[in-house]
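A short worksheet on the structure shown next.
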Amino acid sequence: MDTHIVSSFDSSEFTHLTRTLSKSTVIGLDAEWKPVRSQRSTFPTVTLLQLACQIGDDSAGWDESVVFLLDLSSLPLPSIWGLIKDVLVSPDILKLGFKFKQDLIYLSSTFRAQGGNPGFDQVEPYMDITNIYKFLQHKQGKKISKDTKSLSAICEEILGLHLSKELQCSDWSHRPLTEEQIRYAAKDAHCLLGIFKIFQAKVIKEGPLCNHVNEQHQSNVSLGLKGILEMPDCENKLVGRKFCNALDIVQATASSEECERIARGVEVIRKTKPMDESLWKIVRKYGEKLFLRVSDRNPKASRRKGKRRSSVAVCEEKQLENYGDWQGPPPWDISLGGDGCPKFLCDVMVEGLAKHLRCVGVDAAVPHSRKPEPRLSSHQSLEDGANRSSIQGEEGAFNPRCQAIETPVSDKESNI
């Protein structure tokens, strides 16, 4: 892969990035950030943005591409905000992503916090790799699973490419990035182009997508320049050429704010190369819009509601706290009459714990019955202690040498 790290606004890599974007028709998007281990009221800070740019027309292979890794911890965010925003909303560039909404939320938060700008709220036209995968599964006659596969699994199945995710949770804020991190980040974005290329070939092989497309756009040509600019979608390449031809006229006669606004709109569209006809038809039929709501700007509180505890549960919790406040030597200490070896009786709910205790040399047993009553478990504990000449108290009292570990089953256990 032809990979470039962009870490300076005045570097040759940044110039190469801007020139490549003007010729790109498909871009794979991905972002990396340092994982947050604790609960925080802010989003993670994105430190790396990957752009895998597809250069060429429909006949170009997907490997004719270049990957740019934008080091957001080094680049001045206010200076590149406009460039990235133009890419995300350009009608001439199809954006690809894998569950990119979360990336977009974090990316927008990073630019708002450090760049003093409104961030980003939409990506259009956009296609998610998960939907592309479901389409390919449907065409192959396979049952579409409700569970979403990982990007690594999709790459393995569609491309035969092993995509290791071991570095996904590495520290992406540390600089310089390791060679392994650079390769991982580049492959994560580059594989999106390969999956889309297979999808594109499948769609084109099936035949015409839209028979009424040309008629729709021929009617657009008769509109005025202002009317075309105000249309919700203006991705027709014929219209794009009309914009470019009219640019010089608009700029030469600009004598009002309205004309200047039109000129600026024409300049934005002129920066990118129009899509070829086949790609444009795919976007018209399968493209979507990724949009962030106002509620997406703030981290959502956990939806887990704490279980209401009954008075019995509170009482049991206090009793357990009292048992935990043990003072002095352990119950199995020789000075108290023990043999120095702890013994535990685990009920069936923690039978696995008994096995682990035995593995490390601790004497642990389970009840004779699969469903013993709590009182029977205590009796077995006492009897085991009596056979070993252990210290005993009254019937049902706590045996300090052979402890019964039980899980709460009913309210009656508050007396045990």
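Exactly one condition in (1) under 16 Å from the mean Cα position of the chain (by Cα); (2) modelled with pLDDT under 95 is false for D121; which is it?
(1)
Looking at V89 and the list (1) open to solvent by 40 Å² or more (accessible area, probe 1.4 Å); (2) at pLDDT below 95; (3) within 22 Å of the chain's Cα centre (by Cα), which single condition is not satisfied?
With respect to (1) open to solvent by 40 Å² or more (accessible area, probe 1.4 Å); (2) at pLDDT below 95; (3) within 22 Å of the chain's Cα centre (by Cα), V89 is out only on (2).
Those residues that are surrounded by 17 or more Cβ atoms within 10 Å (Cβ to Cβ) and not charged (D, E, K, R), I need them from the range 271-285; list them, please.
Within the range 271-285, T272, P274, M275, L279, W280, I282, V283 meet the criteria.
Please give the number of the condition L96 fails out of (1) out of contact with any helix residue (DSSP H, G or I) (no Cβ under 6 Å at 6 or more places or on another chain); (2) outside any helix (DSSP H, G or I).
For L96, the failing item is (1).
Within the range 99-131, track down each residue that is of a type in the set (S, T, Y) and touching a Lys or Arg at 6+ places or on another chain (Cβ under 6 Å).
Matches in the range 99-131: Y126 only.
Are any residues in the range 118-151 open to solvent by less than 70 Å² (accessible area, probe 1.4 Å), closer than 19 Å to D86 by Cβ and in a loop (DSSP other than H, G, I, E, B), and if so, which ones?
G119, F120, D121
Within the range 57-77, take every residue that is outside any strand (DSSP E or B) and either modelled with pLDDT of 90 or more or open to solvent by less than 20 Å² (accessible area, probe 1.4 Å) (or both) and give me the one that is farthest from W33 (Cα to Cα). Even if it seems obvious, please write down each step before you answer.
Taking the range 57-77 first, the residues outside any strand (DSSP E or B) are 57-64, 72-77.
With either modelled with pLDDT of 90 or more or open to solvent by less than 20 Å² (accessible area, probe 1.4 Å) (or both) added as a condition, the list becomes 60, 72-77.
Numbers: A60: 32, L72: 10, S73: 10, S74: 14, L75: 15, P76: 17, L77: 16 Å.
Among them, the one singled out is A60.
Of the conditions (1) part of a helix (DSSP H, G or I); (2) modelled with pLDDT of 95 or more, L177 fails just one. Which one is it?
(1)
Quick one: I80 ticks every box in (1) touching a residue at least 60 places away in the same chain (Cβ under 8 Å); (2) surrounded by 17 or more Cβ atoms within 10 Å (Cβ to Cβ); (3) assigned to a helix (DSSP H, G or I); (4) within 21 Å of the chain's Cα centre (by Cα) bar one, so which box is it?
Unmet for I80, out of (1) touching a residue at least 60 places away in the same chain (Cβ under 8 Å); (2) surrounded by 17 or more Cβ atoms within 10 Å (Cβ to Cβ); (3) assigned to a helix (DSSP H, G or I); (4) within 21 Å of the chain's Cα centre (by Cα): (4).
The values are calculated or read from the model by the stated rules, or taken from the named source; none is laboratory data. The shown structure was predicted, so the numbers you read here are calculated from the model rather than taken from an experiment. A quick note on method: Cβ atoms are made from the backbone with ideal geometry, for glycine too, and the neighbour counts reach across all protein chains shown. We work out accessible area using only protein heavy atoms, side chains counted, and drop any ligands, DNA or RNA first. Shrake-Rupley method; radii C 1.70, N 1.55, O 1.52, S 1.80 Å.
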